[in-house]
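The values are calculated or read from the model by the stated rules, or taken from the named source; none is laboratory data. Please read all numbers here as calculations on a predicted model, not as lab measurements. Counting neighbours? That spans all protein chains shown, and the Cβs are built from the backbone with ideal geometry, glycine included. The accessibility values were calculated without ligands, DNA or RNA, using every heavy atom of the protein model including side chains. Shrake-Rupley method; radii C 1.70, N 1.55, O 1.52, S 1.80 Å.
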Amino acid sequence: MEGTDRIIVVESFYNAVQAGIAKALLDAQDIPCFITEENMGMLYPFRSDGFSGVRLHIFSADEVRVREILKTLNPE
């Protein structure tokens, strides 16, 4: 991944608990990821115009695999 892989936001969650569960699933699969805005998620448990949610970041090269894994959280 010679410098061409970017970090992207793959999903946004309503709170830090949901984001933490998603991160744990990815960690279990050895997929590097991190979450941001988790403190804001505690202050504002619902999305608003000023808060887009707790964000889960991954490398773009992992996106397809991550989306498949995250489907297990909310099967449609």
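From the phi of every residue in segment 5-15, what ³J(HN,Hα) in whole Hz does the Karplus formula 6.51 cos²θ - 1.76 cosθ + 1.60 yield, where θ is phi - 60° and glycine or proline is x?
So the J values, rounded to whole Hz, are 7, 9, 8, 10, 8, 8, 7, 10, 10, 6, 8.
How far apart, in nm, are two points set 7 Å out from the Cα along the Cα-to-Cβ line at ILE8 and at ALA61?
Placing both labels 7 Å along Cα→Cβ, they lie 1.5 nm apart.
Provide VAL54, VAL64 ordered by accessible surface of protein heavy atoms (probe 1.4 Å), highest first. Walk me through the numbers on the way to the answer.
Numbers: VAL54 0, VAL64 115 Å².
Reading off the accessible areas and sorting them downward yields VAL64, VAL54.
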